[in-house]
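Q: Can you keep this structure in mind? I'll have questions shortly.
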Amino acid sequence: AQHLEELRSQVEMVQRLQKQQEALIQSSPMGMAVIQKDGRIRHWNRAAEDLLGLSADGVLGKSFREALPAPFVPEVASVMRDAIATGLARAYRLRYTHPERGERLLDLSSAPLSGVSEVDGVLVTWDDVTERVEMEEQLIQQDRLASVGLLAAGVAHEVNTPLTGISSYAQMLLEETGKDDPRRALLEKIVRQAGRASSIARGLLHVSRPSRQQGEAAVKGPVDVTELLDETVSLLGLQLTRSGAELVRDLPDSGAEIWGDRSRLQQVLMNLLLNAMDAVSAGGRIVVRAQEIPAGREEGEGVILEVEDDGVGIPEEIRDRVFDPFFTTKGPGRGTGLGLSISYSIIREHGGSLSVESKPGEGTCMR
């Protein structure tokens, strides 16, 4: 009777430990799965259901090669093999297409589960790092802009001084030159080119530091997005006609207002439209759409503005560099590489974000 009582007590203790182990697995914020030596899934916690969009009922007892999406199977199999061979294996930032959330980035790790004499299976864990990676990329971008700041400010100030002299002397000579003088056209070109160079130098200052640190008072107020687009399109009417592109508006009639500096926001919209016009061929399509974000939404009250084209697109290997100062894919003499970096800085000053989605040959969407 004593032996039976002791045995019953030990059985109850084992059952409690099993329940605790199951509770730990289920309550873990990381997706966890136990995969047996034959490849069948034995455990699948709630976090794994959420991260991968696959219910436990649909995967338990099945081979992981059958239960997981086909593109993801080789990655899991490789990590499992490495874990059995070395004791621990990891893979970082694997792309996974969630049924509802779309493409996500997952960190994957695996460790063997050893029995008395051999490996019984492996423990596989997943961690969704999509938001973390996006934040890291934003910090990297800010660091790039900060690193170029000192150089940009110094260059801009040094260049502005001789440019001011060139422009002033050219204008003085222009006043003394008659309208019929053949030298007048040359002087006018000098004034225009000096003004263009000066605007580039000012652009460097905008990249290096926000306007409120330069003594320029930001004039902020309510800005109607529809009116802003109409005004910007009228300024770009000639370039739009020459590009042969069709501009399509998908904007609310009224009410899509944001609080900001109208001239700076117009500069952003103008840069995005000019880039879109450069990307499309004759007969191409540029779509500008706006969607108001109502109060109470997670992203905050405001407006989502998109400029989308069906042009050449941006190759994936350079997509992360499009906001870098001086980086451009345009030919010599067609761009300074400052437009998008300045636009990025302006939008950040307004508490917003600027992002790009693009596929080569299909077009680009700046949001």
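The values are calculated or read from the model by the stated rules, or taken from the named source; none is laboratory data. Predicted model only: the values in this text are computed from it and were never measured. Calculation scope for accessible area: heavy atoms of the full protein, side chains included, ligands and nucleic acids excluded. Shrake-Rupley method; radii C 1.70, N 1.55, O 1.52, S 1.80 Å.
Q: Which ³J(HN,Hα) values in Hz, rounded to whole numbers, follow from the phi angles of region 132-139 under the Karplus curve 6.51 cos²θ - 1.76 cosθ + 1.60, where θ = phi - 60° and Gly and Pro get x?
A: Rounded to whole hertz, the list is 5, 5, 4, 5, 4, 5, 5, 5.
Q: Let me ask another. Step through the residues of region 82-90 one at a time and calculate ³J(HN,Hα) from phi using the Karplus curve (6.51 cos²θ - 1.76 cosθ + 1.60, θ = phi - 60°), rounding each to whole Hz and writing x for Gly and Pro.
A: Listing the rounded values in order: 5, 5, 5, 7, 10, x, 7, 9, 9 Hz.
Q: Same structure again: Could you go through region 56-66 in sequence order and give the Karplus-derived ³J(HN,Hα) for each residue, using 6.51 cos²θ - 1.76 cosθ + 1.60 with θ = phi - 60°, rounded to whole Hz, and x for Gly and Pro?
A: 4, 4, x, 10, 4, x, 9, 5, 5, 5, 8
Q: Still on this structure, please answer the following. Residues with amide H under 5 Å of ASN45's amide H, sequence separation 5 or more or different chain, H placed in the peptide plane at 1.01 Å from N; which?
A: MET32
Q: Between ILE293 and residues 5 or more places away or on another chain, which pairs have amide H atoms under 5 Å apart, with H built 1.01 Å from N, and which residues are they?
A: GLY302, VAL303, ILE304
Q: When a/c reaches 1.5 or more, the comparison of a/b and b/c decides; with that in mind, is region 23-112 rounded, prolate or oblate per its Cα gyration tensor?
A: In terms of gyration-tensor shape, rounded.
Q: With every protein chain kept in the model, how would you rank ARG184, ARG321 by accessible area, 1.4 Å probe, largest at the top?
A: Largest to smallest exposure gives the sequence ARG321, ARG184.
Q: Which of rounded, prolate, oblate describes region 59-143, given a ≥ b ≥ c as roots of the alpha-carbon gyration tensor eigenvalues and a/c under 1.5 marking rounded, otherwise prolate only if a/b is larger than b/c?
A: It is oblate, given that a/c is not under 1.5 and a/b is not larger than b/c.
Q: Moving on. Taking all protein chains together and a probe of 1.4 Å, list THR241, THR232 from the most accessible to the least accessible.
A: Order by accessible area, largest first: THR241, THR232.
Q: Moving to a separate point now. In terms of solvent-accessible area of protein heavy atoms at a 1.4 angstrom probe, what is the ranking of ARG285, ARG65, highest value first?
A: ARG65, ARG285
Q: Another question, if that's okay. Mind listing the long-range amide H neighbours of HIS98? Cut-off is under 5 Å, sequence gap 5 or more, other chains count too, H placed in the peptide plane at 1.01 Å from N.
A: GLU103, ARG104
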